[in-house]
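Coordinate-derived values only; no laboratory data. The model shown is predicted, which means the values in this text are computed figures rather than measured ones. Please note: Cβ atoms are built from the backbone with ideal geometry, for glycine as well, and neighbour counts cover all protein chains shown.
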């Protein structure tokens, strides 16, 4: 049985695979998974939130915005996003 966090990570990674301009390698997927796990956490009443940083300030992004999170993790790991 998978936890909610594992299901969210899998959804984000599958969206990232669709958005990437080239097929992702296993090493890249592992890196993206680790990056996502470190930034995805529960925050009080809001449930799971993804921690993004903009101009050195923390921003919490709701997990229902999977497309934005996938784009963010690809850009931060220097992986091209298809247009």
Among the residues of region 62-80, the number that are closer than 16 Å to residue 4 by Cβ, outside any helix (DSSP H, G or I) and either touching a helix residue (DSSP H, G or I) at 6+ places or on another chain (Cβ under 6 Å) or touching a residue at least 60 places away in the same chain (Cβ under 8 Å) (or both) is 1
I'm told residue 51 meets every condition in (1) surrounded by fewer than 16 Cβ atoms within 10 Å (Cβ to Cβ); (2) outside any helix (DSSP H, G or I); (3) more than 10 Å from the chain's Cα centre (by Cα) except one. Can you identify the failing condition by its number?
(3)
The lone exception for residue 30 - which of (1) under 18 Å from residue 79 (Cα atoms); (2) surrounded by 15 or more Cβ atoms within 10 Å (Cβ to Cβ) it fails
(2)
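Report whether or not residue 26 is under 26 Å from residue 83 (Cβ atoms), without any contact (Cβ under 8 Å) to a residue 60 or more places away in the chain and more than 9 Å from the chain's Cα centre (by Cα).
Working: under 26 Å from residue 83 (Cβ atoms): yes; without any contact (Cβ under 8 Å) to a residue 60 or more places away in the chain: yes; more than 9 Å from the chain's Cα centre (by Cα): yes.
It is true that residue 26 is under 26 Å from residue 83 (Cβ atoms), without any contact (Cβ under 8 Å) to a residue 60 or more places away in the chain and more than 9 Å from the chain's Cα centre (by Cα).
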Would you point out the residue of region 33-48, among those that are touching a residue at least 24 places away in the same chain (Cβ under 8 Å) and assigned to a strand (DSSP E or B), that is surrounded by the most Cβ atoms within 10 Å (Cβ to Cβ)?
40
